[in-house]
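Visitor: Structure in structure tokens, see below.
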Amino acid sequence: MLLNHIEHEFKIIDENGFGVFNVLESDNPNASLKDLLKFGLLKKPYFYSDDQLKIRNDKFKSYFKSFPEESDVIELYGPIIKGSIVESDFIELNYEDYLLKIEEYICYWRNEGWNKLADQLNLFQLYYTQKLALENSKTRKFYFCDAENIAKPRLQKLISYEYFFTIITTHEDSNKIIVINLGRD
């Protein structure tokens with residue numbers, strides 16, 4: 001399966017909150033989540049444009065130049081070790097249930113007094129709901145992963161996120177795949 005990256009947007013709200021919106025096209029219409037993961041949907045660094053990625057990699061290499069070349073490097077997708085992401089990490093939702101899921105987080109965070117997190121997620125949700133409306137959002141499948149629900153041995157301990165969500169959305173009549181990442185580090 002070939003995946004062609006056709007749109008990238010990185011958005012920051014606050015100093016530590018981020019949203020990433022990527023649109024990809026697959027040569028396999030109506031690919032399953034299992035197939036998308038198998039063929040590397042989350043293995044590519046879609047958090048940044050190619051130019052941004054090169055700059056970040058150069059900076060990263062300069063920080064760790066004292067390590068020997070043969071050192072093992074753990075590849076991450078947010079706080080999750082890349083090779084450990086599986087289909088069962090996601091829950092399948094329709095559009096209405098996806099909106100309800102996000103609203104549940106917002107309400108819970110407000111009840112806990114975490115208003116800054118709730119406000120941030122609400123702003124991202126409003127923005128990305130508008131973008132998704134252009135992509136037949138009401139008839140798409142949504143796959144939602146909260147890194148908080150990943151088994152601890154599959155998370156990188158040194159990198160801390162207050163939250164990290166991955167949303168993958170597909171449509172049975174389209175080869176467009178949308179990947180949204182929301183988080184605060």
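The values are calculated or read from the model by the stated rules, or taken from the named source; none is laboratory data. On a predicted model such as this, the values are computed, not experimentally measured, just so you know. Cβ sites come from the backbone with ideal geometry, for glycine too, and all protein chains shown count toward neighbours.
Visitor: Right, D35: out of contact with any Lys or Arg (no Cβ under 9 Å at 6 or more places or on another chain), surrounded by 14 or more Cβ atoms within 10 Å (Cβ to Cβ) and on the phi < 0 side of the Ramachandran plot or not?
Guide: yes
Visitor: Specify which of the listed residues (D173, D119, D97) is at pLDDT 90 or above, among the acidic types (D, E) and either in contact with a strand residue (DSSP E or B) (Cβ under 6 Å, 6 or more places away or on another chain) or under 23 Å from K34 (Cβ atoms) (or both).
Guide: Just one listed residue meets the conditions, D97.
Visitor: Against the definition (under 15 Å from the mean Cα position of the chain (by Cα), surrounded by 18 or more Cβ atoms within 10 Å (Cβ to Cβ) and over 24 Å from D185 (Cα atoms)), how does T166 come out, yes or no?
Guide: no
Visitor: Residues in the stretch 72-84: is at least one at pLDDT below 90, hydrophobic (A, V, I, L, M, F, W, C), within 23 Å of K152 (Cα to Cα) and in a helix (DSSP H, G or I)?
Guide: No, that holds for no residue.
Visitor: Let me ask something additional. Would you pick out the residues in the stretch 101-152 that are of a type outside the set (D, E, K, R), over 18 Å from the mean Cα position of the chain (by Cα) and within 24 Å of K176 (Cβ to Cβ)?
Guide: Correct list: A133, L134, N136, T139.
Visitor: I've got another one for you. Got a sec? Which of Q52, Q125 is assigned to a helix (DSSP H, G or I), within 23 Å of D14 (Cα to Cα), at pLDDT 80 or above and touching a strand residue (DSSP E or B) at 6+ places or on another chain (Cβ under 9 Å)?
Guide: Every option except Q125 fails the conditions.
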